[in-house]
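Every number here is computed from the coordinates shown, using simple stated rules; none is lab data. Since this is a predicted model, take the numbers as computed values, not measurements. Note that each Cβ is placed from the backbone with ideal geometry, even for glycine, and that neighbours are counted across all protein chains shown.
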Amino acid sequence: MSNVAELFPDRNRSDGLHYVIDFDLVELRQLQIRERVRPLNGTQVFPTRFPSNSNVHFQLSTLNETIELILGLNSATGRRRELLIEIKKPEYHRQYNKDISSIVLSTLNAYNLTEPTDPVVIQTFYLEELMYIRRKLNSRLRLFALMIWNRINESSSNYDSFYRTEEGIRNLSTVVQALTPFHEFLVDYDANGSIVGVTNFTKWAHQYGLQVYPFTFRKDFFPGPNFEGLVKYFWHTVKVDGFITDHPDVILQYLSQQPMHHFHSSSARSRLSIVLLILTLIIVLKFKQ
């Protein structure tokens, strides 16, 4: 969340929201970013996280700055950190003649980040955009396919009756390297949040050579009685290749205690070595107030 409504009270649209596309970089730099709070009572959505009322000033960074941060950290520490970039609402941006995928690729190209071995992954919910990136923009970077229920209206892509079917997954396998679905696509839950079975999603993905990284695993918000039990089930029973999580330290600590004998059929290394991507940069569409 930000203080956009306080700094720019007259810049919201008719729906009450402030849109990034309506601001320039100088204006965006003025905003303070904080943890989410509930608009009705001002309480923090995740109360055990960094205090939303802190006086520490967080602000938006550019893609260039984030790339240089990641590359600098990798160079200084000798460790590999990867950048997971979400192309947010590309259909919306095209209404304003903005091809944000081309802009992102041009920025990455300036840092010679163009190959599948580079520490960059691009993902989006609009799955047809991934086909455009691969086939029209000729990108060789790794592409991941985000999926969620159609009713959420993240894009016009048909997840429910096509992309999460075997045919849809096979279709995606010609373009992407991994699937990043909502965790409910992989298992069935009962009314109490307990897992009652595994779907065919992960099996089909592995059958077509794709890795699976479900989202979002949060230790302070999860289905069922126990977060470690949830992670254990997805790791050992569902056999996912990693997790998209707000708490990578917790998941890494748990997985480091697991036996090193789980190998993905399409990979020569343990799934333990590819717990997914700690830093996420999102090309945002609108601010919440």
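Some notes on this structure:
- For Cα Rg over 2.2 N^0.38 Å, computed directly from the structure shown, the correct entry in [x] 1.03; [y] 1.11; [z] 0.98 is [x].
- The range 50-81 and the range 103-174 have Cα centres spaced 24 Å apart.
- Residues whose amide H comes within less than 5 Å of that of Arg142, counting only those at least five positions distant or on another chain, are Ile122 (H built at 1.01 Å from N in the peptide plane).
- Think of each Lys and Arg Cβ as +1 and each Asp and Glu Cβ as -1; about the Cα centre, that makes the dipole of the range 130-269 roughly 680 debye.
- Positive-end extreme of charge dipole, the range 1-60 - chosen from Leu17, Met1, Asn41 (charges on Cβ): Asn41
- Phi-derived couplings, Karplus 6.51 cos²θ - 1.76 cosθ + 1.60 at θ = phi - 60°, listed residue by residue for the range 207-219: 4, 9, x, 9, 8, 10, 10, x, 10, 9, 9, 10, 5 Hz, with x used for Gly and Pro.
- In order through the range 245-250: 3J(HN,Hα) via Karplus (6.51 cos²θ - 1.76 cosθ + 1.60), integer Hz, x for Gly, Pro: 8, 7, 10, x, 5, 5
- 5 angstrom amide H check on Leu179, placed H, neighbours 5+ away: Ala145, Gln211, Val212, Tyr213
- Close amide-amide hydrogen proximity is noted between Val187 and Thr199, each under 5 Å apart and 5 or more residues distant or on a separate chain (H modeled in the peptide plane; Pro and chain starts excluded).
- In degrees, nearest ten, helix 100-110 long axis to first principal axis of the chain (Cα): 80 degrees
- Helix axis angle, 63-77 relative to the chain longest principal axis, alpha carbon, degrees: 50 degrees
- For the range 141-151, backbone phi angles converted through the Karplus equation (6.51, -1.76, 1.60; θ = phi - 60°) give residue-by-residue couplings of 5, 5, 10, 10, 9, 6, 9, 8, 4, 4, 5 Hz, Gly and Pro being listed as x.
- When peptides 157-167, 180-190, 47-57 are sorted by average Cβ neighbour count within 10 Å, with the highest value leading, the order is 180-190, 157-167, 47-57.
- Filter on Lys89/Lys136; Lys88/Lys136; Lys89/Lys203; Lys203/Lys232 - keep pairs with C-alpha separation over 25 Å: Lys89/Lys203
- Per DSSP, loop chymotrypsin sites (Phe, Trp or Tyr not before Pro) in the range 48-110 with at most 16 further Cβ within 10 Å: Phe58, Tyr96
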